[in-house]
1. Which one of these does VAL103 not meet: (1) among the hydrophobic types (A, V, I, L, M, F, W, C); (2) under 16 Å from ALA32 (Cα atoms); (3) out of contact with any Lys or Arg (no Cβ under 6 Å at 6 or more places or on another chain)?
2. Within segment 45-68, how many residues turn out to be buried (at least 18 other Cβ atoms within 10 Å of the Cβ) and part of a helix (DSSP H, G or I)?
3. Any residue at all in segment 8-29 that's open to solvent by 70 Å² or more (accessible area, probe 1.4 Å) and at pLDDT 95 or above?
4. Considering only residues that are more than 17 Å from THR102 (Cβ to Cβ) and either among the basic types (Lys, Arg) or over 11 Å from the mean Cα position of the chain (by Cα) (or both), look in segment 69-86 and name the one that is least open to solvent (accessible area, probe 1.4 Å).
5. Quick check on this structure: which one of ILE67, ILE37 is out of contact with any Cys (no Cβ under 9 Å at 6 or more places or on another chain), closer than 25 Å to ARG111 by Cβ and in contact (Cβ under 8 Å) with a residue 12 or more places away in the chain?
6. Go through segment 89-127 and give me each residue that's at pLDDT below 95 and assigned to a loop (DSSP other than H, G, I, E, B).
7. Among the residues of segment 87-104, what is the count of those that are surrounded by fewer than 13 Cβ atoms within 10 Å (Cβ to Cβ) and either charged (D, E, K, R) or touching a helix residue (DSSP H, G or I) at 6+ places or on another chain (Cβ under 9 Å) (or both)?
8. Counting only residues that are farther than 22 Å from MET119 by Cα and basic (Lys, Arg), how many does segment 27-72 have?
Amino acid sequence: MRWAGLFVLLTGPAFADPVLISIDFPTESITAAGADIALIERILDMNGNPALRVGLHPSFDARFAEITQENIGEVIAIRVCGEIVVEPVLHTQLPKADVILTVRTAAEVNRLDEILTTMTCPGQPVS
């Protein structure tokens, strides 16, 4: 009986990786936990404003390309820890699961970078 209880504790939701990134299309969503994120890079967007480039593991690329092709012209929502960060209109198919989080301030880039780097959503206990 003790072993069964221990097994439940070790495999329960407290040890599940939180969804850090969600890319919501009208037809479906792609979600990624910390281990699914292959790249986090601070960049400047095309207007010279601070932004964050986030690339998912290459295993996401084929499905991402397919979904973006199906949703050209649609608004998508990119969320970090459930919070909408940006809602761009999809103008073209994206061959790689790579997104740019264009935000208004360097402070916001810092906040998002910290969340994604530490793989901890605000309010979530640090393990």
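The values are calculated or read from the model by the stated rules, or taken from the named source; none is laboratory data. Worth saying up front: this structure is predicted, and the values here are computed from it rather than measured. Quick reminder, even Gly has a Cβ in these numbers, built from the backbone with ideal geometry, and neighbours come from all protein chains shown. We work out accessible area using only protein heavy atoms, side chains counted, and drop any ligands, DNA or RNA first. Shrake-Rupley method; radii C 1.70, N 1.55, O 1.52, S 1.80 Å.
1. Result: VAL103 passes all but (2).
2. Counting residues in segment 45-68 that are buried (at least 18 other Cβ atoms within 10 Å of the Cβ) and part of a helix (DSSP H, G or I) gives 4.
3. Just the residues of segment 8-29 that are open to solvent by 70 Å² or more (accessible area, probe 1.4 Å), to begin with: 8-11, 13-15, 17, 19, 26-27.
Of the ones still in play, those that are also at pLDDT 95 or above are 26.
Checked segment 8-29: at least one residue is open to solvent by 70 Å² or more (accessible area, probe 1.4 Å) and at pLDDT 95 or above.
4. Let us first name the residues in segment 69-86 that are more than 17 Å from THR102 (Cβ to Cβ), namely 69-74, 81-82.
Going one step further and asking which of them are either among the basic types (Lys, Arg) or over 11 Å from the mean Cα position of the chain (by Cα) (or both), we end up with 69-74.
On the way: GLN69: 98, GLU70: 105, ASN71: 4, ILE72: 77, GLY73: 53, GLU74: 81 Å².
Of everything passing the filter in segment 69-86, ASN71 is least open to solvent (accessible area, probe 1.4 Å).
5. Numbers: ILE67 fails: closer than 25 Å to ARG111 by Cβ.
Exactly one residue qualifies, and that residue is ILE37.
6. VAL103, ARG104, THR105, MET119, THR120, CYS121, PRO122, GLY123, GLN124, PRO125, VAL126, SER127
7. Final tally of qualifying residues: 4.
8. Number satisfying all stated conditions: 1.
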